[in-house]
Amino acid sequence: MGTVVALSNLLEARQVWRGGAAVPSEGGQSTGWPLLDAVLPAGGWPDASLTEILLPADGIGELRLVLPTLARLTQGQRPVVLIAPPYAPCAMGWRQQGVNLQQLEIVAADEKHVLWATEQCLRSGGCAAVLAWPRQADDRSLRRLQVAADTGRALAFVFRDHRHLANASPAALRLELTALPQPSIWVRKCRGGNVPTQPIPFEPLSAGATRAESRQGMEMRAAHRAGDMHESSAPRFAANLTSAPSLAEREESR
Amino acid sequence: MLWACITLPHLALDGVLRRRPDDGPLVLVDGPAHARCIVAANASAQAAGLHIGQRLTTAQALLTQFETIPYDAAAAERWQRFLAGVAYRYSSQVALLPHAIVLEISRSQSLLGDWPKMERNLRSDLAALGFRHRIAAAPTPHAAHVLASVRDGQAVLTPETMRRALDPVPLQKAHLPEQATDALPRMGIRCLGQLLRMPRDGLQRRFGTPLLHAVDRLLGDMPAGLELYVPPDAVDWRIELSHEVENIAALVFPLKRMTGDLAAYLSGRDGGVQRFALRLEHRDRQATDVAVGMLAPERSADVLFEAARGRLEQVQLPAPVLSLRLIADDLPGFVPAGRDLFDERPANALPFEQLRERLRARLGDHAVYRWGSTIDPRPEHSQRIAAPDECFLEPRARPTWLLERPMPLHGVSRVLAGPERVETGWWDGGDMRRDYYIVETMHGQRAWAYCAPGERGGWMLHGWFA
């Protein structure tokens, strides 16, 4: 007791963790969600790293979260790979979001091979982004994916159930999506920055769902729907959510 | 005209050695059973004192442990034709001479660079394939052949310098008719220069026309009379393994050589291969066939090897393998993929095609695919695997996940949008009449669900707005 230890020695020995020390952020890739970009230390997805997305259930906007990024990458003619997706991607839905399907490769892999295939794709360096839905992934296998993403300079997204939140993860970024009471994104871990305490509001069914309404498309559609009684009376699908409830109400009152 | 000649002094031995990972003493033997002679010996056998022409019994007295392989003239000829296929990428005029390949190079120079550059490439190709060689260039094929058998790397580009280079060549190396080669030295004529200065009519009287023809061909005064090599349209190669192989891992080395040869052959032919078969031959004419298929024609050695290995590793061997055969009947044209000049990918990136073949080899032929949308309004028919996208873009919201088969949905809390009536399909008997809605479930999921027209119940889930 009483010995004086120079602070600089302690710091140099790296025995003391300094809170708030800003790690120089690498150039991230924009997520396409300005509110999310604003809180992430890299200003977007951490480059060449693993991002883990945790969900309570399918269909709460997990794809809308990444689709702006996928649209940007595929339009730049860079391949994106989906490994063992839980459902078939709806080609028209993805195209409506701007994804170039010619650059979207889907890999059907059984449970044993999901992680292998993901690692191969990430490590190859030929893929811009790899999305995987592993059902059994532990800390070690995720670390392998993180290393592979770093080797191949690719974005890795792993979608998992939110019960895995309790387990530690080597992912550079962990996001949890919640749907209730309103859709929001919780940043659970972000390398190089402090975790924000507030959730980020998130609008999974936003404008753009029905963009690019082409005249030609309408005509072709009309030809197919000769027997559609609702063509004139039924309102067209909601362009965005703000108008959606009112549309539903109108439906019910009718 | 300028011809290059590649002589292959150790063709038979190299053909055997290149399949072996180890380099223990090894000799090729030939001759009648009671008087077997060594016809070729590898470096470690020569270091032990074995040499060509030695009797096998003498060799056995010198060295206790060495491998003997019977000399196979047909195999040597096969290798020579294979190398002619490799040389074919440098010239369209390739011909075979005894233990040598000649190719016309003056017309390829504008494409492949001048002779020193082409020679470097040729040498590195041959070295990579594991064949020792000597190369020379001269205005006539026979002169190139003579010069290559005298000294490696000689290049004479004009007829005058060729004449000078041929002068000191000893007659034994001039590839002249045997009768003349035997008789002329006894007359005091020991080198080509002396022979060329002899009066022609005297030579004709003593040795007949064959000698004069040979001399005229050598100097280019007469057409070379070569039969040009035409690459075959199918590949059927066979490697006999030195012992019975019981596990796949031991086949990897010969396989790598074979696929490497195939790649060299294909680039000589400027073609690719999309499908080929590996036949693992067992005893009693039994065989296991392994089909290797790729999505597009390929000719890169790495891609071919990896595709073949991936397929081979899944095979359960029913019996030990004696020999390996590679059969490729269909050799389609090959179009190299376009690349960006400023490639943004990491330097060691694997081409996507190669990655795809690797995944397919392990996961199955149909494991990697793309979706394309169609103009069919029925959700079940709205997309097809590997279809090109049709330009039509649906103006109504479509989900991002689509269930292959609709299933009942419970716990719908509210309707967000709809209905959208889909009533169509009369043209192929797949009629459907449904009202599609976007609904929210109790868990906050956004679903694309349908029910019977005019109803608001009995929801069937068809997709998720994920």
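Derivation of every value follows stated rules applied to the coordinates shown; laboratory data play no part. Since the model is a prediction, treat every value here as computed from it, not as a measurement. Glycine also receives a Cβ, built like all others from the backbone with ideal geometry; neighbour counts cover every protein chain displayed.
I'm checking a number: the convex hull volume of the Cα atoms of the protein assembly as shown, normalised per residue, in Å³. What is it? Write down the numbers at each step before the final one.
Working: hull volume 200.3 nm³, N = 720.
So the per-residue Cα hull volume is 278 Å³.
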Explain nothing, just the number: dipole magnitude of chain B about its Cα centre with +1 on each Lys and Arg Cβ and -1 on each Asp and Glu Cβ, in debye rounded to the nearest 20. 1120 debye
Using bins 5 angstrom wide from zero, how does P(r) for region A:95-153 break down, in % of all Cα pairs? 4, 18, 27, 23, 15, 9, 4, 0
Electrostatic dipole magnitude of region A:35-198 [Cβ: Lys, Arg +1; Asp, Glu -1; Cα centre; debye, to 20]: 200 debye
Just to confirm a number: summing +1 for Lys and Arg and -1 for Asp and Glu over residues other than residue A:148 whose beta-carbon lies under 11 angstrom from that of residue A:148, what do you get? +2
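In region A:35-198, what % of DSSP beta bridges are antiparallel (nearest 5)? Spell out each step's value before the answer.
Details: 6 of 28 bridges.
Close to 20 percent.
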Equivalent ellipsoid semi-axes, region B:1-54, via Cα gyration tensor eigenvalues times 5, rooted, Å: 24, 16, 11
Equivalent ellipsoid semi-axes, region A:35-198, via Cα gyration tensor eigenvalues times 5, rooted, Å: 21, 19, 16
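Return the FRET efficiency for the residue pair residue B:47, residue A:139: r is the Cβ-Cβ distance, R0 is 56 Å, and the value is rounded to the nearest 0.05.
Values: r = 55 Å, r/R0 = 0.99.
Efficiency, rounded to the nearest 0.05: 0.50.
Within a 10 angstrom radius of each residue's Cβ in A:124-133, how many Cβ atoms of other chains show up on average? Whole number is fine.
Average neighbour count from other chains, rounded to a whole number: 4.
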What's the FRET efficiency of residue B:201 with residue B:107 using the Cβ-Cβ distance as r and R₀ = 41 Å, to the nearest 0.05? 0.65
For region B:235-328, the charge dipole (Cβ of Lys, Arg +1; Cβ of Asp, Glu -1; about the Cα centre) points to a positive end, and the Cα of B:324, B:235, B:291 closest to that extreme belongs to B:235
Which of A:124, B:242 has the fewest other C-beta atoms within 10 Å, and how do the rest follow up to the most? B:242, A:124
Region B:355-405 and region A:48-89: distance between their alpha carbon centers, rounded to Å: 15 Å
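Return B:248, B:385, A:60, A:53 ranked ascending by Cβ neighbour count within 10 Å, so the fewest neighbours appear first.
Values: B:248 17, B:385 12, A:60 25, A:53 21.
Ranked by crowding around the Cβ, least crowded first: B:385, B:248, A:53, A:60.
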Please report how many Lys pairs in the protein assembly as shown have alpha carbons closer than 30 angstrom, counting only residues at least 8 apart along the chain or sitting on separate chains. 4
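What's the local net charge at residue A:116, with K and R +1, D and E -1, over the other residues with C-beta under 12 Å away?
Values: positive: A:112, A:123, A:144, B:358, B:362; negative: A:110, A:111, A:119.
Result for the neighbourhood of residue A:116: +2.
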Once the other residues with Cβ under 12 Å from the Cβ of residue B:199 are scored (Lys, Arg +1; Asp, Glu -1), what is the net sum? +3
Potential extension, residue B:18-residue B:33 segment - 0.36 nm per residue separation minus Cα distance: 2.7 nm
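Could you order the peptides B:277-286, B:125-134, B:413-422, B:109-118 from most to least packed, using the average number of other C-beta atoms within 10 Å per residue? Show your work: numbers first, answer last.
Values: B:277-286: 14.7, B:125-134: 17.4, B:413-422: 20.5, B:109-118: 13.1.
Top of the packing list down: B:413-422, B:125-134, B:277-286, B:109-118.
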With +1 assigned to the C-beta of every Lys and Arg and -1 to the C-beta of every Asp and Glu, and no other charges, what is the dipole magnitude of region B:215-259 about the Cα centre in debye, to the nearest 20? 220 debye
Compute the distance in nm between two label points, each set 7 Å from the Cα along the Cα-to-Cβ direction, one at residue B:330 and one at residue B:456. 5.7 nm
Expected vector for region B:134-144, Karplus 3J(HN,Hα) from phi with 6.51, -1.76, 1.60 and θ = phi - 60°, integer Hz, x for Gly and Pro, equals 10, 10, 9, 10, 7, x, 10, x, 6, 5, 4
Could you tell me which of B:375, B:109, A:196 has its Cα farthest along the dipole of the protein assembly as shown towards the positive end, charges placed at Cβ (Lys, Arg +1; Asp, Glu -1), taken about the Cα centre? B:109
Calculate the length of the line joining the C-alpha centroid of region B:183-230 to that of region A:124-159, in whole Å. 72 Å
From zero outward in steps of 10 Å, how is the percent of C-alpha pairs of region B:369-428 spread across the bins? 16, 48, 28, 8
Rounded to the nearest 0.05, FRET efficiency between residue A:180 and residue B:233 (Cβ-Cβ, R0 56 Å) equals 0.25
Rounded to the nearest 10, the angle in degrees between the Cα long axis of helix B:301-313 and the longest principal axis of the Cα atoms of chain B comes to 70 degrees
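Taking only the C-alpha atoms, wrap a convex hull around chain B and report its volume per residue in Å³ as a whole number. Mind showing how you got there, number by number?
Working: hull volume 116.0 nm³, N = 466.
Spelled out: Cα convex hull of chain B, divided by residues, is 249 Å³.
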To the nearest whole number, what is the average tally of beta carbon atoms from other chains within 10 Å of the beta carbons of peptide B:189-198? 0
